[in-house]
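Scroll down for the structure; my scribbles are underneath it.
Every number here is computed from the coordinates shown, using simple stated rules; none is lab data. On a predicted model such as this, the values are computed, not experimentally measured, just so you know. Here Cβ is always computed from backbone atoms with ideal geometry, including for glycine, and neighbour counts include all displayed protein chains.
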Amino acid sequence: MGSTAVAITAFYCTAVAAGLVAVAAVWWSTRAPGRIDVARVVEREKGWFAIVVALLLGLLLGTVFFIPYGRTSTGAQIVKVTGQQFAWIIQPATITANKPVEFRLTSKDVNHAFAVYDDRDVLLFQVQVMPGKEQRYVTTFRRPGVYHVLCLEYCGLDHHAMAADFRVTR
Ligand SMILES: [Cu+2]
């Protein structure tokens, strides 16, 4: 048995044990010996409600500042991108590093997906590109180099050929 198989087996056994503990806890908490004190249950529900609200507020405050939508950047480099069967038109195709870029993307025909990969072929981001709409995406490239663009939404017979490059310079 390889180390991966051992890890999977250990994880599976732990998950099953945790599930059994959860089932036992539910069974234990609901066997209700004698009368149920409704007033106490109502008080506890209020407490749980407050805990859930506090958790949701914490989650909201902890994540809301990372939402990428609606980001605008005054003074950003504007790059216009048009997708069409089966090519990308990127103007200008040279971008300066460490300065915000605002991609403004649209399609001439059908839906496409503008996916940008770095020179190590790591996917950086993807933007849906639609006819009759202008999508905006603001980002900043830190590393100079040649970045690759692929279409990630099947758009027709030559979808696979829908590739392009752009250059990020210092
Ligand atoms: Cu495509």
Over the chain, how many pairs of lysines fall under 25 Å by alpha carbon, counting only those 8 or more apart in sequence or from different chains? 4
I'm a student and want to see the number: the projected area of the Cα convex hull of the chain, averaged over all directions, in nm². 18.2
Any idea how far apart Gln126 and Asp109 come out in nm if each label point goes 7 Å out from Cα toward Cβ? 2.1
Could you pull the Rg and Dmax for region 3-66, using just the Cα atoms, both in Å? 18.9, 53
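Just from its helices, what would the mean residue ellipticity at 222 nm be for the chain, if runs of 4 or more DSSP H residues each count -39500 (n - 2.57) and the sum is divided by every residue, rounded to the nearest 500 deg cm²/dmol? Kindly include the intermediate steps, with their values, before the conclusion.
Numbers: 2 runs with 53 residues, N = 170.
When only DSSP H runs of four or more count, the value is -11000 deg cm²/dmol.
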Over region 11-135, what is the percentage of antiparallel beta bridges among all DSSP beta bridges, to the nearest 5? 60
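Subtract the Cα-Cα distance of Ala17 and Ala93 from 0.36 nm times their separation in residues, and report this length gain in nm to one decimal.
Values: separation 76, 0.36 × 76 = 27.36 nm, distance 5.58 nm.
Gain on stretching Ala17 to Ala93: 21.8 nm.
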With DSSP loop assignment and no more than 12 other C-beta atoms within 10 Å, the chymotrypsin sites (Phe, Trp or Tyr not before Pro) in region 59-138 are Tyr69
